[in-house]
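Trainee: Please find one structure pasted underneath; my questions will follow.
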Ligand code: PEP
């Protein structure tokens with residue numbers, strides 16, 4: 001069903017051959033080869049996958065984008081313009097693993113958002129609380145503080161992904177009530193505070209699988225899913241896309 005957006009986040013998985021085989025399997029499947037489906041592949045494979053996806057409906061995403069925009073002496077960085085150049089449509093920004101292992105925080109994430117939009121990418125800002133933050137009852141404050149950069153971004157199109165950290169890769173899924181509460185709160189916050197996006201979509205991420213996709217995707221204010229582990233298997237990912 002058009003309207004939902006499903007992005008598979010491969011994280012630091014695949015090799016050149018398996019990445020191309022996975023994309024070939026998705027391209028051969030009309031359920032997955034759709035403009036509302038995307039794959040976020042490791043940076044080193046994006047150029048080859050961009051060539052493989054040329055002229056196809058399936059979209060390509062980066063897992064990160066540099067906070068620097070101008071070409072120059074930024075060893076190891078990949079700019080938004082480079083990602084656009086090889087065919088990316090989306091870039092994840094502020095995934096919880098980037099926040100946790102690489103110390104990414106709002107000032108750099110704001111630059112990443114702005115650079116991505118300026119280059120013609122649609123950034124997917126990932127927000128979500130840790131288990132300790134949920135248990136302390138402070139989860140809405142945490143999420144709003146992560147969303148705060150949306151009050152400062154240059155206007156443009158972006159997507160938000162709500163990913164409770166305690167549900168990522170753990171097999172624990174937020175309840176439908178918890179998902180509806182947060183997605184509604186995020187949309188309300190955005191209406192009051194965020195710079196307008198052409199169309200604010202809020203994806204859910206955190207142990208989305210073939211078995212739970214349909215109920216999650218039907219939940220109030222859920223506009224799609226960011227899928228980690230299950231996106232590495234074409235059959236599982238297909239079932240999630242089919243549920244959308
Ligand atoms: C993710 O990394 O964005 C994610 C949601 O992972 P998983 O589906 O494996 O929990």
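Read-outs: derived from the displayed coordinates by stated rules, not from any lab. Note that this is a predicted model, so its numbers are computed, not measured. Because the Cβ atoms are built from the backbone with ideal geometry, glycine has one as well, and the counts that use them run over all protein chains shown.
Trainee: Rounded if a/c is under 1.5, else prolate if a/b is larger than b/c, else oblate: which is region 52-97, with a ≥ b ≥ c the root eigenvalues of its Cα gyration tensor? Don't skip to the end; give the middle numbers.
Mentor: Working: a/c = 3.04, a/b = 1.47, b/c = 2.06.
Verdict is oblate for region 52-97.
Trainee: Treat the count of other C-beta atoms within 10 Å as a stand-in for reagent exposure and order 183, 95 from fewest to most.
Mentor: Working: 183 20, 95 27.
So the residues, fewest neighbours to most, are 183, 95.
Trainee: For region 30-79, just say rounded, prolate or oblate: build the C-alpha gyration tensor, square-root its eigenvalues into a ≥ b ≥ c, call rounded for a/c under 1.5, and beyond that prolate if a/b exceeds b/c, oblate if not.
Mentor: Details: a/c = 2.98, a/b = 2.53, b/c = 1.18.
Cα axes put region 30-79 in the prolate bin.
Trainee: Just the Kirkwood number for the chain, please: inverse of mean 1/r across all distinct Cα pairs, in Å, one decimal. Could you put the intermediate results ahead of the total?
Mentor: Values: mean 1/r = 0.0563 Å⁻¹.
Every distinct Cα pair counted, the radius reaches 17.8 Å.
Trainee: Follow-up question, since we're still on this one. Cα-Cα pairs above 17 Å in region 72-194: how many percent? Numbers along the way, then the final one.
Mentor: Numbers: 4395 of 7503 pairs.
The answer is 59 percent, as a whole percent.
Trainee: With contacts defined as alpha carbon pairs under 8 Å and 6 or more residues apart, what's the relative contact order of the chain in percent? Let's see the in-between values first.
Mentor: On the way: 487 pairs, mean separation 50.6, N = 244.
This gives 21 percent for the chain.
Trainee: What FRET efficiency comes out for the pair residue 28/residue 209, r = Cβ-Cβ distance, R0 = 25 Å, nearest 0.05? Provide the component values of the computation, followed by the final result.
Mentor: On the way: r = 22 Å, r/R0 = 0.88.
Efficiency at R0 = 25 Å is approximately 0.70.
Trainee: Kindly state, to the nearest 0.05, the FRET efficiency for residue 218 paired with residue 132, given R0 = 22 Å and r defined as their beta-carbon distance.
Mentor: Working: r = 30 Å, r/R0 = 1.36.
The value I calculate is 0.15.
Trainee: Something else: If region 1-66 were replaced by its equivalent ellipsoid, with semi-axes equal to the square roots of 5 times the Cα gyration tensor eigenvalues, what would those be, largest first, whole Å? Present the calculation step by step, with values, prior to reporting the outcome.
Mentor: On the way: eigenvalues 66, 38, 21 Å².
Sorted largest first and rounded, they come to 18, 14, 10 Å.
Trainee: Would you mind computing, in nm to one decimal, how far apart the modelled labels at residue 191 and residue 15 are, each placed 7 Å from Cα along Cα→Cβ?
Mentor: Here the modelled spin labels are 5.1 nm apart.
Trainee: Per q in 0.15, 0.18 Å⁻¹, report the Debye log10 I(q)/I(0) for region 29-121, using one uniform scatterer on each alpha carbon and no solvent.
Mentor: -0.57, -0.79
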